[in-house]
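First comes the structure, then the notes that go with it.
Each value in this text was obtained by applying a stated rule to the coordinates, not by laboratory testing. Just so you know, these numbers come straight off a predicted model, no measurement behind them. Heads up, the Cβs are rebuilt from the backbone with ideal geometry, glycines too, and the neighbour counts pull from every protein chain shown.
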Amino acid sequence: MNLAKISSNGQITVPVEIRRLLGLKSGDKVLFFQNNNGEIVINNASAKAIYKAQAAFEGAAEKMGVSNEDDVQALVDEMRKGTSQSVSGKD
């Protein structure tokens with residue numbers, strides 16, 4: 001169990017053990033929400049956003065035919081080629 005004191009400004013220092021568990025570093029944002037039991041839960045907002053993005057893109061690689069690093073690199077090269085043509089006016 002960890003304890004933190006609220007300052008007169010409403011600020012707290014997240015205990016080091018909790019920062020480590022959540023992977024928090026200076027400048028990170030934390031997300032507070034209430035679960036179904038009424039408990040307040042704290043999460044690393046960046047990690048939560050990544051998990052949400054991963055869920056949104058689930059299956060996208062298979063649909064695009066991307067199955068390995070070479071496929072990813074080919075896609076990046078293709079995108080870069082298209083971007084450089086657009087910037088140089090060669091469309």
Exercise. Just check region 13-61 against the gyration tensor rule for me: Cα atoms, a ≥ b ≥ c as the square roots of the eigenvalues, rounded for a/c under 1.5, and otherwise prolate or oblate depending on whether a/b exceeds b/c.
Key: oblate
Quiz item: How much length is gained on full extension from residue 3 to residue 28, taking 0.36 nm per residue of separation minus their Cα-Cα distance?
Solution: 7.0 nm
Quiz item: What's the lysine pair count for region 1-70 at a Cα cut-off below 21 Å, pairs eight or more apart or interchain?
Solution: 7
Quiz item: Please state the Cα pair-distance histogram of the chain with 5 angstrom bins from zero: what percent is in each bin?
Solution: 3, 10, 12, 14, 13, 10, 10, 9, 8, 7, 5, 1, 0
Self-check item: Förster radius 35 Å - calculated FRET efficiency between residue 80 and residue 55 (Cβ-Cβ, nearest 0.05)
Solution: 0.80
Quiz item: Under the definition of Cα pairs under 8 Å and six or more residues apart, what whole-number percent is the relative contact order of the chain?
Solution: 13 percent
Self-check item: On Cα atoms only, tilt of 69-88 relative to the major axis of the chain in degrees
Solution: 70 degrees
